[in-house]
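Notes for the one structure printed next.
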Amino acid sequence: EAQVTQNPRYLITVTGKKLTVTCSQNMNHEYMSWYRQDPGLGLRQIYYSMNVEVTDKGDVPEGYKVSRKEKRNFPLILESPSPNQTSLYFCASRRGVGGNQPQHFGDGTRLSIL
Amino acid sequence: QQQVKQSPQSLIVQKGGISIINCAYENTAFDYFPWYQQFPGKGPALLIAIRPDVSEKKEGRFTISFNKSAKQFSLHIMDSQPGDSATYFCAASINAGGTSYGKLTFGQGTILTVHP
């Protein structure tokens, strides 16, 4: 089954404790991205990657890091999480760079930073 | 700044009624307008999409109406059902090159509740 898998689905942690949210897709997609979803703000892009070793900032990259060492994996790293990063996070992938292709989303990771 | 503004923020409709969600954009370079549907506990999933060379696209009970001159597009859900209760996001992207090529810009989302 074609899917985007995120882990963990839920995480409660404390300020400053480094965490990583993993994302893996099994569709051989080139383009992957991370979004955060906040009430009234919709989905905002954090980082994206056009292919292995090619990443770039989205609209809200502050406080986040990403890496793309393999085509299928695109982890999101919060090196020193803060309460304003409490949010619902989604990883997504699509076949190519063009935005006119269906984007497949994971089921989300709900992060609470205390 | 690239923005897509979506309204209303929430919508309550009776079963069998018509649900209408509206979006407006500023950047005339947008050339692809998808709608995504999100159920609780799930990620968004592509529902229907339109290109600006057509004014309407229909797939089953879902229709996108597009007004290029007004820079607006809307989603109509006919004969709304309780199973349509979800959050809906409009979006827009640029696919003709440039620094924003491929970026998907989302609206703020609409929480639709269909009462039985």
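Observations on the model:
- Average partner coverage of A:34-43, which counts Cβ from other chains inside 10 Å: 5
- Euclidean distance between Cα centres, the range B:45-115 to the range A:71-114, Å: 22
- About the Cα centre, charge dipole magnitude for the protein assembly as shown (Lys/Arg +1, Asp/Glu -1 at Cβ), debye: 260
- Electrostatic tally near A:Asn100: other residues with Cβ closer than 15 Å to its Cβ, Lys and Arg +1, Asp and Glu -1, net +2.
- Within the straight-line cut-off of under 24 Å between alpha carbons, the lysines reachable from A:Lys57 are A:Lys17, A:Lys18, A:Lys65, A:Lys69, A:Lys71, B:Lys5, B:Lys103, sequence neighbours fewer than 8 places apart in one chain being disregarded.
- Anisotropy class of chain B from Cα gyration tensor, a/c 1.5 cut: prolate
- A simple count of charges around A:Arg36, restricted to other residues whose Cβ falls under 10 Å of its Cβ and scoring Lys, Arg +1 and Asp, Glu -1, yields -1.
- Probe 1.4 Å - accessible area at B:Lys42, Å² to nearest ten: 100
- Accessible area per residue for chain A is 47 Å², calculated with a 1.4 Å probe on protein heavy atoms, without ligands, DNA or RNA.
- Total buried accessible area between A and B, probe 1.4 Å, nearest 100: 1700 Å².
- Relative contact order (%) - chain B, alpha-carbon pairs under 8 angstrom, separation at least six: 37
- Taking other residues whose beta carbon is less than 14 angstrom from the beta carbon of B:Ala24, and scoring Lys, Arg as +1 and Asp, Glu as -1, yields +2.
- In units of the compact-protein estimate 2.2 N^0.38 Å, chain A shows a Cα radius of gyration of 0.99.
The values are calculated or read from the model by the stated rules, or taken from the named source; none is laboratory data. Fair warning: this is a prediction, and the values are worked out from it, not measured in the lab. Here Cβ is always computed from backbone atoms with ideal geometry, including for glycine, and neighbour counts include all displayed protein chains. Quick note on the areas: whole protein, heavy atoms, side chains included, nothing else; ligands and nucleic acids left out. Shrake-Rupley method; radii C 1.70, N 1.55, O 1.52, S 1.80 Å.
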